[in-house]
Amino acid sequence: MRDSKGFTVAVPVGWVREDGATGVFYRSPDRAALVQIFQVSEPELSPLGAVQGASTYLRAQTTGYQEIRVGPVPGVAEAGELVYEYDSAESHGRRRGVERVFVAQDGRKWAVLTAGPAAEWTLTQAHHAAALAAFRPGG
C-alpha cells in the first residue's frame, strides 16, 4: 500500500488507516491490532539507541509495561528492535508489540511497530514481517 506520508508498506486487507501525532497507524477493524510507521527525527540517535529510548519512555508511560527483548537485529545492519508487552483495553488484556528502527534506502531512520493481543503473537509477528518486507521509503 502506497501511503501519502512517503512510504509503501503491507498491511492486512480491511485495516483502517489513521493519521496520529506519532505517525501513521493501520488498525484492525476491532482495533485489537495495529501497524504504526514513523520517522525517527533525532539525528543523534542510532537505531539501537532509538529502541532503547522507546523502552525507557514506555516503562514510564505505559500501564503494565514489560520489556521482553531489546537489542540489535541479527543479520541486519543499522537496526534495533524492541519487543514488549503492556495492558491494553483495545486488545482486551495484554498486548505484545515489536518495534524495529532501521536506516532505510533513503538514508533516513524509520520505525515499523506492530502490536496485537499477546495471545496472537504468531499472527503479530507475521504482520510485522510482511510490513518490513514491503516497506519502501518514498512511496
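Since every read-out is calculated from the coordinates, none of them should be taken as a lab result. Since this is a predicted model, take the numbers as computed values, not measurements. Using ideal geometry, Cβ is built from the backbone for each residue, glycine included, and neighbour counts are taken over all protein chains shown.
For the chain, what's the relative contact order in percent, using C-alpha pairs closer than 8 Å and at least 6 residues apart?
Dividing the mean separation by the residue count of the chain yields 28 percent.
Given a 10 angstrom Cα cut-off, can you work out which residue in 103, 76, 35 is the most mobile in a GNM of the chain?
Result for the chain, Cα springs under 10 Å: 76 fluctuates most.
Between segment 59-90 and segment 7-33, what's the alpha-carbon centroid distance in Å?
Taking the Cα centre of segment 7-33 as reference, the centre of segment 59-90 is 19 Å away.
With only Lys, Arg, Asp and Glu charged, each at its Cβ (+1 for the first two, -1 for the last two), find how big the charge dipole of the chain is about the Cα centre; round to the nearest 20 debye.
Once rounded to the nearest 20, the dipole reads 200 debye.
Bin width 5 Å, alpha-carbon pairs only: give the P(r) of segment 1-48 as whole percents, running from 0 to the bin holding the largest distance.
Each 5 Å bin holds this share of Cα pairs: 5, 18, 29, 20, 14, 9, 4, 1.
Would you calculate, for the chain, the mean residue ellipticity at 222 nm contributed by helices, counting each DSSP H stretch of 4 or more residues as -39,500 (n - 2.57) and dividing by all residues, to the nearest 500?
Per the formula, -7000 deg cm²/dmol.
Compute and list, largest first, the equivalent-ellipsoid semi-axes of the chain from the alpha carbon gyration tensor, each √(5λ) rounded to a whole angstrom.
Sorted largest first and rounded, they come to 21, 19, 13 Å.
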